Amino acid sequence: MNTTHLFSQRMSGLQPSIIREIFKYMADPEVISFAAGNPAPQAFPTEVIAKITADIMGENPVQALQYSLSEGFAPLRDWLKADLTKKGIFAAGSKSDDDLIITSGAQQVMEVMTKLVCDEGDAIICEAPSFIGSLNAFRSYRAKLVGVPMDEEGIDAVKLEAALKANPRTAFLYLIPTFQNPTGKTMSLARRKEVLALAEKYNVLIVEDNPYGDLRFAGADLPTLKELDVQAGTSRVVYAGSFSKTLAPGLRVGYMIAQQSIVQKATVCIQASTVHTGILAQMITHRFITQTNFEKHIEKLCLLYKGKAKLMLDSLRFNMPHSIDFTEPDGGLFIWGTLPKGADMVGFCKEAIANKIAIVPGNAFLVNESDPCDSFRLNFSFPSDEQIEKGVEVLSKVAKKLYA
């Protein structure tokens, strides 16, 4: 069959995620992966989830297997509203214009929001670099992606304002302010306030992606953009949360908080695509967070990731050439490495995979992958401690060969 004219124009420029392509190499059992964004296998409470699932199927199998509300499982929504109200993220009560819907992971929030508010050619302004999964969701609707560089405090406010001025048709700002993917950086409180002020000045929405916020293992907590938004009463921030990193990504349970008008339209979008997030997964999630000590579970995750991050950073400092810099995250799953300026970063990543170490080239996270980039992403959550030590040793040999 001739497929020349089979695909829509908006799909013509969409390519597979580089990270997913790297997964092909990981079929080789000898490859050590620093490329995935997966939680640690030992982080999954498998026995508890197995028991909860059996209990649900024994007590109420029809509800678990039947169609359900597009807005989500009501008990889970109620728990989230109560929990997020305590955290200042959800403004509950009659004075609030905000509401909540359960989604198939936080990724669905990005796809739905783009569908809702972005016409073809409208700009979506994001950090440079940014999460490739979201960038591809934006590309699928032929948005004009505008990347704004980051400094140590987060997205550069001066360059962000310049981007807003240059792009009056901006649909929204897409930001990962806490333990950012891929850099691991956290936006400062002062910068968060600057960004919110700019969004207000130029009358644009912010989509705040916060899948890693609960995984803090160092430093002091900062208010989310949504919390600051609630305090200001502006309802300008659309908040994307997820249980993927705190419970299990395979359950595909996330949620969106936004103005009721946005949530109502999002419900229609979900009805047209997935109908609703899997109800069994929502019931499992609800029982886990209500029948176990969820806070203690998260504390264990933070302790686990603190140890793994320290192990990788210590190994990198000891083994790698001093000409290569690394971020030191206070939480999340990622470390961002930067080679000497002008180095062949792609060549370095290829040499790494040739030596059975998978890392992600930094240009995969850019709006334009052809732009210059000296950086690469490392994940410390998924590999075992032994793999971290061995993998960094091998990676350092590649680096010393090229950049010592």
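The values are calculated or read from the model by the stated rules, or taken from the named source; none is laboratory data. Fair warning: this is a prediction, and the values are worked out from it, not measured in the lab. Because the Cβ atoms are built from the backbone with ideal geometry, glycine has one as well, and the counts that use them run over all protein chains shown. All accessible areas refer to the heavy atoms of the entire protein, side chains included, with ligands and DNA or RNA removed. Shrake-Rupley method; radii C 1.70, N 1.55, O 1.52, S 1.80 Å.
Within the stretch 226-285, being outside any helix (DSSP H, G or I), within 24 Å of residue 215 (Cα to Cα), out of contact with any Ser or Thr (no Cβ under 6 Å at 6 or more places or on another chain) and of a type in the set (Gly, Ala, Ser) holds for 240, 241, 242, 244, 248, 258.
The condition of being without any contact (Cβ under 8 Å) to a residue 60 or more places away in the chain, open to solvent by 40 Å² or more (accessible area, probe 1.4 Å) and under 21 Å from residue 174 (Cα atoms) holds for only one of 228, 222, that being 222.
For (1) more than 20 Å from residue 178 (Cα to Cα); (2) part of a helix (DSSP H, G or I); (3) open to solvent by less than 70 Å² (accessible area, probe 1.4 Å), each residue gets a yes or a no:
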position: 322; (1), (2), (3): yes, no, no
position: 341; (1), (2), (3): yes, no, no
position: 349; (1), (2), (3): yes, yes, yes
position: 373; (1), (2), (3): yes, no, yes
position: 393; (1), (2), (3): yes, yes, no
position: 396; (1), (2), (3): yes, yes, yes
position: 400; (1), (2), (3): yes, yes, no
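Only strands (runs of 3 or more DSSP E) whose full extent lies in the stretch 112-204 are considered here, and the ones with at least 2 residues that are of a type outside the set (Gly, Ala, Ser), over 25 Å from residue 233 (Cα atoms) and touching a strand residue (DSSP E or B) at 6+ places or on another chain (Cβ under 8 Å) are 144-151.
Is it the case, given these coordinates, that residue 208 is open to solvent by less than 30 Å² (accessible area, probe 1.4 Å) and either assigned to a helix (DSSP H, G or I) or modelled with pLDDT of 95 or more (or both)? Yes, satisfied. Apart from one condition, residue 337 fits all of (1) open to solvent by 20 Å² or more (accessible area, probe 1.4 Å); (2) modelled with pLDDT of 95 or more; the exception is (1).
Can we say residue 183 is touching a Ser or Thr at 6+ places or on another chain (Cβ under 6 Å) and either touching a residue at least 40 places away in the same chain (Cβ under 8 Å) or open to solvent by 10 Å² or more (accessible area, probe 1.4 Å) (or both)? Working first, answer last.
Working: touching a Ser or Thr at 6+ places or on another chain (Cβ under 6 Å): yes; either touching a residue at least 40 places away in the same chain (Cβ under 8 Å) or open to solvent by 10 Å² or more (accessible area, probe 1.4 Å) (or both): yes.
Yes.
In the set (1) part of a helix (DSSP H, G or I); (2) of a type in the set (A, V, I, L, M); (3) modelled with pLDDT of 95 or more; (4) more than 30 Å from residue 78 (Cα to Cα), the condition left unmet by residue 353 is number (3).
Have a look at 370, 315 and point out the one that is among the small types (Gly, Ala, Ser) and in contact with a helix residue (DSSP H, G or I) (Cβ under 7 Å, 6 or more places away or on another chain). The match here is 315.
Of the residues making up the stretch 125-142, those that are surrounded by 24 or more Cβ atoms within 10 Å (Cβ to Cβ) and over 28 Å from residue 326 (Cα atoms) number 1.
When you go through 146, 158 one by one, which is the residue that is open to solvent by 10 Å² or more (accessible area, probe 1.4 Å), without any contact (Cβ under 8 Å) to a residue 24 or more places away in the chain, of a type in the set (A, V, I, L, M, F, W, C) and farther than 30 Å from residue 78 by Cβ? Working first, answer last.
Working: 146 fails: without any contact (Cβ under 8 Å) to a residue 24 or more places away in the chain.
None of the other options fit; the residue is 158.
Residue 109 - would you say it is open to solvent by 40 Å² or more (accessible area, probe 1.4 Å) and in a helix (DSSP H, G or I)?
no
Checking the stated criteria, residue 358 turns out not to satisfy the condition of being under 15 Å from residue 393 (Cα atoms) and surrounded by fewer than 20 Cβ atoms within 10 Å (Cβ to Cβ). May I ask you to verify whether residue 290 is crowded, with 19+ Cβ neighbours inside 10 Å and either in contact with a helix residue (DSSP H, G or I) (Cβ under 9 Å, 6 or more places away or on another chain) or in a helix (DSSP H, G or I) (or both)? Answer is no for this residue. Can you work out which of the residues in the stretch 118-167 that are among the basic types (Lys, Arg) and out of contact with any helix residue (DSSP H, G or I) (no Cβ under 6 Å at 6 or more places or on another chain) is nearest to residue 338 (Cα to Cα)? Across the stretch 118-167, the extreme among qualifying residues is 159.
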